[in-house]
Protein chains: 2
Amino acid sequence: MRTYRKREVDPGDIRRLLEPGPVILVSTAWKGVPNVMTMGWHMMMGDGPVLVGTYIWDQDYTRDIVTKTKECVINIPTVELLETAIRIGNSTGAEIDKFEAFGLTAGKASKVKAPLIRECYASFECKLFDKTLARKRSLFIWKVVKGHVAASPKYPRTFHYRGDGVFMLSGTNVSRRRLFDPGML
Amino acid sequence: MRTYRKREVDPGDIRRLLEPGPVILVSTAWKGVPNVMTMGWHMMMGDGPVLVGTYIWDQDYTRDIVTKTKECVINIPTVELLETAIRIGNSTGAEIDKFEAFGLTAGKASKVKAPLIRECYASFECKLFDKTLARKRSLFIWKVVKGHVAASPKYPRTFHYRGDGVFMLSGTNVSRRRLFDPGML
């Protein structure tokens, strides 16, 4: 599969990629074995520090790992990985090495032990920042500590889950910059 | 502006509309005056009960209102409302009646006093469910108590914020239902 050549970016760069609402791949590692889950429930929660909230249910193997390691990588896949993302969601890292099973290449992160996914358009290294609602609401709030984004294309072709096995692919981009008050940009 | 004729749906129906990540309009009311804010930071947080997390900064007038009323309506706008959504974001309900200023029609909700927006494709009545992280992280978690969705089109043409004044419009829909394990649908 295609890999993206990425460059280091500001952690805040995650906003322009996450806010449109794509399906993401959350990678982790435990005892040297990489793991990954497919996730649709996430949101930006701050830009200084850069915070992201994720819903990780107690039935997810990833929940066990992040509870112990307090680290993850948020990866933004493009449409080439649509079917892989479904297969990742259908299986559990408690039984198989998903990187090996699905042909993903683990890249080395610099601030966490969880792997980057080289086939993804962007990867953001994260450390657990607030677990207040982790047990009660499955909410894990992460601080983004390092960003890696492909230099091109400018706008990745992401996929967004509509339910019932249907995905929306990101469509046309339109600028309405002239309508924004400067303070809102 | 066009209004959508809506029918009542299960509160859980919000998932297929919110999970793809569109910009939403959050409406409220205080002392009989309706208000609305434009929001890009939100996520699904449960499906039994149906929960939605929203980020409402302490600089938003909506924050004052929901802190007092503990109610809101989450509305899903389509592309016809793109420029209106920006104008809503540029202004504050502390100074103007945004419904009047922007030509929005307030519909009567049945379980909350906040208004539905008749020009939106869907509206979901919400009651505050968990405010544990409201002060510290601006996170308000809502229980969806009633849903109203247009009968057509099946897939609304939503807009998604990419930052810098640029929006992504929802694109092609593709089904990969055959790839899902039954339990994952």
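Being more than 8 Å from chain A (Cβ to nearest Cβ), surrounded by 16 or more Cβ atoms within 10 Å (Cβ to Cβ), in contact with an Asp or Glu (Cβ under 8 Å, 6 or more places away or on another chain) and over 20 Å from B:Leu81 (Cβ atoms) is a description that does not apply to B:Val149. Take the residues in region B:170-185 that are more than 7 Å from chain A (Cβ to nearest Cβ) and of a type outside the set (Lys, Arg), then tell me which one is most open to solvent (accessible area, probe 1.4 Å). Step by step, filter region B:170-185, then rank; the result is B:Pro182. Among the residues of region B:123-134, those identified as within 13 Å of chain A (Cβ to nearest Cβ) and not charged (D, E, K, R) are B:Phe129, B:Thr132, B:Leu133, B:Ala134. Among the residues of region A:66-81, is any among the acidic types (Asp, Glu), at pLDDT 95 or above and farther than 30 Å from A:Gly171 by Cα? Within region A:66-81 (the criterion being among the acidic types (Asp, Glu), at pLDDT 95 or above and farther than 30 Å from A:Gly171 by Cα), the answer is yes, since at least one residue qualifies. Output the residues belonging to region B:132-185 that are closer than 22 Å to A:Tyr55 by Cβ and of a type in the set (A, V, I, L, M, F, W, C). Of everything in region B:132-185, those that are closer than 22 Å to A:Tyr55 by Cβ and of a type in the set (A, V, I, L, M, F, W, C) turn out to be B:Leu133, B:Ala134, B:Leu139, B:Phe140, B:Ile141, B:Trp142, B:Val144, B:Val145, B:Phe180, B:Met184, B:Leu185. When A:Asp13 is tested against (1) under 20 Å from A:Lys154 (Cα atoms); (2) within 14 Å of chain B (Cβ to nearest Cβ); (3) at pLDDT below 95, only condition (3) is not met. Screening region B:25-38 for residues that are buried (at least 24 other Cβ atoms within 10 Å of the Cβ), out of contact with any Pro (no Cβ under 7 Å at 6 or more places or on another chain) and aliphatic (A, V, I, L, M) and picking the one that is nearest to the other protein chains (Cβ to nearest Cβ) gives B:Met37. The numbered conditions (1) within 14 Å of another protein chain (Cβ to nearest Cβ); (2) under 15 Å from the mean Cα position of the chain (by Cα); (3) within 30 Å of A:Trp57 (Cβ to Cβ); (4) open to solvent by 10 Å² or more (accessible area, probe 1.4 Å) are all true for B:Val79 except (3).
You will find that of B:Glu71, B:Glu80, the residue that is over 16 Å from B:Leu116 (Cα atoms) and either in contact with a Ser or Thr (Cβ under 6 Å, 6 or more places away or on another chain) or not hydrophobic (A, V, I, L, M, F, W, C) (or both) is B:Glu80 and no other. Would you check which residues across region B:152-169 are in a strand (DSSP E or B) and either at the interface with chain A (Cβ under 7 Å from one of its Cβ atoms) or free of Cβ contacts under 8 Å to residues at least 12 places away in the same chain (or both) and list them? Hits for region B:152-169 are B:His160, B:Tyr161, B:Arg162, B:Gly163, B:Val166, B:Phe167, B:Met168, B:Leu169. Of everything in region B:83-124 that is assigned to a loop (DSSP other than H, G, I, E, B) and out of contact with any helix residue (DSSP H, G or I) (no Cβ under 9 Å at 6 or more places or on another chain), the residue that is surrounded by the fewest Cβ atoms within 10 Å (Cβ to Cβ) is B:Lys108. What do you reckon, is B:Thr172 among the β-branched types (Val, Ile, Thr) and in a loop (DSSP other than H, G, I, E, B)? The answer is no for B:Thr172.
Residues that are crowded, with 22+ Cβ neighbours inside 10 Å and in contact (Cβ under 8 Å) with a residue 60 or more places away in the chain within region A:52-70 comprise A:Val52, A:Gly53, A:Thr54, A:Ile56, A:Val66, listed in sequence order. Is it the case that some residue within region B:135-144 is in contact with a strand residue (DSSP E or B) (Cβ under 8 Å, 6 or more places away or on another chain), more than 14 Å from every other protein chain (Cβ to nearest Cβ) and over 15 Å from B:Met37 (Cα atoms)? The answer is yes, given that some residue of region B:135-144 is in contact with a strand residue (DSSP E or B) (Cβ under 8 Å, 6 or more places away or on another chain), more than 14 Å from every other protein chain (Cβ to nearest Cβ) and over 15 Å from B:Met37 (Cα atoms).
The values are calculated or read from the model by the stated rules, or taken from the named source; none is laboratory data. What you see is a predicted model; the values in this text were computed from it and never measured. Cβ coordinates were reconstructed from backbone atoms using ideal geometry, including for glycine residues, and neighbour counts include every protein chain displayed. In case anyone asks, the SASA skips ligands and DNA or RNA and just uses the protein heavy atoms, side chains included. Shrake-Rupley method; radii C 1.70, N 1.55, O 1.52, S 1.80 Å.
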